[in-house]
């Protein structure tokens, strides 16, 4: 099972791929899940809008779209991330681009693990899960 990173209509972001893979495995384990095949597609706003229109019939920009192919305890999916919107969100929330990118990367994994963010109170739960995952990433960085 693999975690792959691709760029489409945008430059590949500067991430430490092996460290991110280890992080994703650790977060999935925290939710009792195993990692299957996961593809990250980093893209532009225009590409994510195209994906949103074509597959979800939504006519708006977003930072992430997660296509969930999870089966049982094995998470799998295609995760599109708009680097343009990640940058805009970093400015809007007054956070570092790197932190916002990693928050978005793990947001997709949390969705695959069954964490939602659309219903009442779910956004706060998602944010708490993201913050725990980001703390784990900081720990991994210190250990390496």
In which sequence would 111, 58 go, from the one with the fewest C-beta neighbours within 10 Å to the one with the most? 58, 111
GNM of the chain, Cα pairs under 10 angstrom: of 101, 49, 110, the biggest fluctuation goes to 49
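Could you grab the relative contact order for region 3-143? Cα pairs under 8 Å, six or more apart, rounded to a whole percent.
Working: 210 pairs, mean separation 30.5, N = 141.
With pairs under 8 Å counted, the relative contact order is 22 percent.
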Taking square-rooted eigenvalues a ≥ b ≥ c of the alpha carbon gyration tensor, is region 30-95 rounded, prolate or oblate, where a/c under 1.5 means rounded and, failing that, a/b exceeding b/c means prolate? oblate
If I take the Cα coordinates of region 19-130 and project them onto the principal axes, what are the three extents in Å, biggest first? 34, 32, 32
Cα centroids of region 85-140 and region 1-73: how far apart, whole angstrom? 13 Å
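Coordinate-derived values only; no laboratory data. It should be emphasised that the depicted structure is a prediction, and the values quoted were computed from it without experimental measurement. Neighbour counts run over all protein chains shown; Cβ positions are idealised from the backbone, glycine included.
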